[in-house]
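The values are calculated or read from the model by the stated rules, or taken from the named source; none is laboratory data. From a predicted model like this one, the values you see are computed outputs, not experimental measurements. So basically every Cβ, Gly included, is an ideal-geometry build from the backbone, and we count neighbours across all protein chains shown.
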Amino acid sequence: AQLGSSIHFEATLSGSGAIAQGDNAKAAAATGDKSIAIGRARDVTIIRQPITKPPALDKDAALSRYLSHTIASNRRLQLQGIRSSGELVSIDLEDIYITLSAVERRSVKDEEAWLDEQRRRAPGETMRRPAMSAAYAQQTRVKVQTALTHHPRLVVLGDPGSGKTTLLRYLALTWAREMAGEKGLVKKRLNLAEAEDRLPILLPLRDFAGYLAENHPNAATDGPKLLLNYLRTYFANQDISLPERFFAAPLAAGTCVVLLDGMDEVADLATRIRVSRIIEKFTIAYPKNRYIVTSRVVGYKGSVRLGQDYAVATVRDFNQEDIERFVRYWNLAVEITLAGEDAPVARQAAAKKTKALLSAIKKHERIRELAVNPLLLTVIALVQRYRAILPERRTELYEEAIEVLLGNWDEAKGMNAKTVLADLELDAGDRRSFLEPVALWMMENKRREIERDELGQQLRRAFVALAPDKRRQRKLIDAFLALINERSGLLTERGQGIYSFSHLTFQEHLAARAIADRDDYIDFILAR
């Protein structure tokens, strides 16, 4: 086409194509559907070529990446307080997982009565209240897996540390392995009647609540797409590259299992109610999938409760058989991991520690009452490993556990040698005192997570007495956070610059200590 001989053209092009500009441009080789060469030359050639689009993300490759990520993220449990060569030890979840028992309830009236009773008790309290124990004995005790077969939509309630999050991780791991090629695993582990190839989607609800507050403060626009859009955001933040409809297609087909963890960890009640309504709308939009939601008992009442045929199963305490199995599995996994191989010496050490711990649990009623809770049983096993005497009161047990978590990092060879903390001679009590005001601030602000900048501000108040110079304060805080994250497992970095206590129970205990240490603690409590 003749566009002229002496006029200089400037061009812009939208869509697929290429533009060659310049005084001597005659033509262009293009990868798009149109190529335009513009310049002072007389001849400008327009070449049409077939559209060549960027290759779409391969669905099979994306699924493989996602399943690999899900398996890798959930297959290991970090053992707080247990180290090898200075590093925290982790073990396979599947080596230690104990099937949870639960009580199924369907009647709303019965369920509310049950929940009211549950809220008034502490782990192990049923053993001290015979009348209540008799009432519990009349309930239908089933394995959580059995509840899954009965109810495609299930809310799993439980005390702090009862194993709710671990359950969801185990389920995500099981379904991911099934989809990755271990056929029959879901039926074997979960005893489901049908073989289920379901895509597991595990999502912490506290993260979703934060997303709502930051990006969608107006509840008037709430709908199922909010949760769907957040799924993409959540996994994109974990550097998992997935096609746009990676979740939408299987959700629409009803081939997913949606695992929503920690309704109670949405601290604000109004937001928790809002999240419940969004979950209901999501369930209506994608009705053929399996749904499992977890919560503490205290966080699930009134308007927070889910409709849309969600059944409720309340996790029951460990019985004696559960306790013995857990202690045996736990010690064996630890000893084999520390030894680096499944050697006879590791099994002998595990058997010895198991016998000693079970003997202590049977001997002391108060310890036995605590051991019915998986988290507390883990803490008991940890404390027994490093202490000659097990405390019988729960508060003392937490104290010992935190002492172990914060004190044993000194066993790491040369722990302080290369840090600015070397000359401060901090003991476990000092480290705990630094974390107490942090825990209190988080409880007062209804937070389970704290950003690095805010954490630094809270810690600075403690470090100002150690270093008046602000630059040195920052160095001390950086070193302290690095060590406590790597060595203790008590306060961990969950994401880039986002920290949380390893379990809400520890956060609550440290916050309570911070209040108890105040001279005006009575006025402080009454003011709230």
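Points worth noting:
- Test: residue in segment 254-269 that is free of Cβ contacts under 8 Å to residues at least 24 places away in the same chain and in the same structural domain as residue 233 (by TED's automatic domain parsing): no
- Residue within segment 328-345 that is over 17 Å from residue 391 (Cβ atoms), part of a helix (DSSP H, G or I) and among the basic types (Lys, Arg) present: yes
- Single residue of 272, 296, 232 found to be in the same structural domain as residue 155 (by TED's automatic domain parsing) and over 21 Å from residue 165 (Cα atoms): 232
- Those residues of segment 180-210 which are free of Cβ contacts under 8 Å to residues at least 24 places away in the same chain, more than 18 Å from residue 70 (Cβ to Cβ) and crowded, with 17+ Cβ neighbours inside 10 Å, in sequence order: none
- Pair list, Cβ < 6 Å and 6+ apart or interchain, from segment 59-81 residues that are among the hydroxyl-bearing types (Ser, Thr, Tyr) to residues that are part of a helix (DSSP H, G or I) and crowded, with 19+ Cβ neighbours inside 10 Å: 70/172; 70/176
- Subset of segment 352-375 (residues that are more than 15 Å from residue 328 (Cα to Cα), hydrophobic (A, V, I, L, M, F, W, C) and out of contact with any Gly (no Cβ under 6 Å at 6 or more places or on another chain)): 367
- Considering each residue of segment 104-115 in turn, none proves to be buried (at least 18 other Cβ atoms within 10 Å of the Cβ), part of a helix (DSSP H, G or I) and modelled with pLDDT of 65 or more.
- Listing of helices (runs of 4 or more DSSP H) fully contained in segment 149-233 that carry 2 or more residues being closer than 30 Å to residue 509 by Cβ and within 14 Å of the chain's Cα centre (by Cα): 164-179, 205-215
- Output for segment 431-446, where each listed residue is closer than 25 Å to residue 263 by Cα and touching a Ser or Thr at 6+ places or on another chain (Cβ under 9 Å): 442
- Any hit, segment 146-158, residues being small (Gly, Ala, Ser) and modelled with pLDDT of 85 or more: yes
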